[in-house]
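The numbers here are math on the coordinates, done by the rules we state, and not lab data. Bear in mind that the values here come from a model prediction, so they are computed numbers and not experimental data. Methodologically, a virtual Cβ is constructed for each residue, glycine included, from the backbone with ideal geometry; neighbour enumeration extends over all protein chains shown.
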Amino acid sequence: MPRISPVIAPQPETPVATTFAQIKAKMGKVPNAFATIANSPATLDGYLKFSTTLQSGQLTSRQRELLALAISQVNECQYCLSAHSVTGKMAGLTPVQIREARAGKSNDPLENAIVTFAAQAIQQRGRVSDEELNAARVAGVDDGLMIEIIATIALMTVTNYVNRLADPEIDFPVVQTQL
């Protein structure tokens, strides 16, 4: 049972109802994570705007999914691991690639550098060492991409922490947090 209830039926013609209609049109449903965040309409609106803005950045949709999986694994968010295992498949990731991303790895050198850098930044609260920074650069992660990775960490941490706090019902095939 959720610790914070999701918003189920917002009043018609309110900003939350409009936002829910947009989410449903894009995703086919309003995931419980978004319905829970909707308890703070400003937070849901800000989250969605930030997410949309980052979609126009350097990271591909595949790389964003790899990051979502790696970040959610570090933050031990079962809801996001479950959701992004589905959306990762939609972005072309295989089950093996999903598992590798959760472990902070990839067979592709640039993708490996991206998920490794993200895991290091989370675990060290942004204090990535000079050696780790240089290793990311050598692998093709430029300064702008590093900043975008940090922004993606911030975005994912919102949903990871809200889900850890609220414990919404997982409305995707459930994935365990243990690898």
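With θ set to phi - 60° and the Karplus curve 6.51 cos²θ - 1.76 cosθ + 1.60, what are the ³J(HN,Hα) couplings of the stretch 135-146 in order, to the nearest whole Hz, using x for Gly and Pro?
After applying 6.51 cos²θ - 1.76 cosθ + 1.60, I find 4, 5, 4, 4, 7, x, 8, 7, 4, x, 5, 4 Hz.
Give the average over all directions of the projected area of the C-alpha convex hull of the stretch 15-54, one decimal, in nm². Please report the intermediate quantities before stating the final value.
Working: hull surface 10.3 nm².
Result: a mean projected hull area of 2.6 nm².
Please provide three numbers in whole Å: the alpha-carbon extents of the chain along the principal axes, with the largest listed first.
Principal extents (Cα only, largest first): 53, 30, 28 Å.
Mind checking the log10 I(q)/I(0) for the stretch 22-105 at q = 0.17, 0.25 Å⁻¹? Debye, one equal scatterer per Cα, no solvent, two decimals.
Log10 of I(q)/I(0), two decimals: -0.75, -1.35.
Evaluate the distance, in nm, between pseudo-label points positioned 7 Å from the Cα of E132 and of N39 along their respective Cα→Cβ axes.
3.2 nm
Find how much the distance from L165 to A25 grows on full extension, using 0.36 nm per residue of separation minus their present alpha carbon separation; answer in nm with one decimal. Intermediate values should be presented prior to the final figure.
Numbers: separation 140, 0.36 × 140 = 50.40 nm, distance 2.73 nm.
Working it through step by step, the gained length comes to 47.7 nm.
What number comes out for the charge environment of D108, summing +1 per Lys or Arg and -1 per Asp or Glu over other residues with Cβ under 12 Å away? If you can, show how the numbers build up before the last one.
Details: positive: R62, K105; negative: E100, E111.
Here the charged neighbours net out to 0.
With r as the distance between the Cβ atoms of M1 and A103 and R0 = 30 Å, compute the FRET efficiency 1/(1 + (r/R0)^6) and round to 0.05.
0.45
Where the centre of each part is set by its Cα atoms, how far does the stretch 121-179 sit from the stretch 1-47, in angstrom?
About 24 Å separates the Cα centre of the stretch 121-179 from the one of the stretch 1-47.
Per 0.36 nm of contour for each residue apart, how much would the distance between I150 and F50 grow if the chain were fully extended, relative to their Cα-Cα spacing? Walk me through the numbers on the way to the answer.
Numbers: separation 100, 0.36 × 100 = 36.00 nm, distance 1.27 nm.
Additional length available on full extension: 34.7 nm.
Please report, in debye to the nearest 20, how large the charge dipole of the chain is about its Cα centre when each Lys and Arg carries +1 at its beta carbon and each Asp and Glu carries -1 there. Could you put the intermediate results ahead of the total?
Numbers: 15 positive and 16 negative charges, 74 e Å.
Charge dipole, the chain, about its Cα centre: 360 debye, nearest 20.
Using θ = phi - 60° and the Karplus curve 6.51 cos²θ - 1.76 cosθ + 1.60, what whole-Hz ³J(HN,Hα) does each residue of the stretch 113-120 get, with Gly and Pro shown as x?
5, 5, 6, 5, 4, 4, 4, 5
To check my understanding: the extent here is largest minus smallest coordinate of the Cα atoms along each principal axis. What are those three numbers for the stretch 61-165, in Å, largest first?
Projected onto the principal axes, the Cα atoms of the stretch 61-165 cover 33, 29, 20 Å.
Which of R64, R127, R137 ends up with the largest GNM mean-square fluctuation for the chain, with Cα atoms connected below 10 Å?
R127
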